[in-house]
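To start, the structure itself, in structure tokens.
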Amino acid sequence: MLLPLPDNACNLCGRRAKAEAVPATARSKTCTGLCVKGGLGPRDYAIESALLQELGQRPLGTTWMLEEVLAGQVSFADTPQSERARNAARRLAARGQLEVLQDGSVIRDGNDSDGPIEVRLPRA
């Protein structure tokens, strides 16, 4: 089950929204003009669901490269698809449904993740 995003998270990419960077009508929903123009579609929700389902079938507490978890679901050679998967992971992390890691450390703010990311279900 997908939970709602916190008020300060971008609806599209899951990053912390910067209110001053977007029009007042979109404030607290998106972080940049690019995200204002974008939108979530069925494919985005399917990636989120697949990510949660795949992680749910793996040993609890184990960390996986995002590419491994979504192999067969998303083409990581295709940059827009790769970014769509990263955005899905960030949205789930903003909701508290998974943790995003880089170099073994949990990334608390999705704005700080360049390069390969790892994901895992949150530790209770």
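Would you list ASP44, ASP78 from fewest to most Cβ contacts within 10 Å?
ASP78, ASP44
State whether region 41-120 is rounded, prolate or oblate according to the following rule on the C-alpha gyration tensor (a ≥ b ≥ c being the square roots of its eigenvalues): a/c under 1.5 gives rounded; otherwise a/b larger than b/c gives prolate, and the remaining case gives oblate. List each step's numbers first, then the result.
Values: a/c = 1.36, a/b = 1.14, b/c = 1.19.
Since a/c stays below 1.5, the shape of region 41-120 is classed as rounded.
What is the magnitude of the charge dipole of region 41-120 about its Cα centre, with +1 placed on the Cβ of each Lys and Arg, -1 on the Cβ of each Asp and Glu, and no other charges, expressed in debye to the nearest 20?
300 debye
The numbers here are math on the coordinates, done by the rules we state, and not lab data. As the structure is a prediction and not an experimental result, all values here were calculated from the model. Don't worry about glycine lacking a Cβ; one is built from the backbone with ideal geometry, like all the others, and counts go over all protein chains shown.
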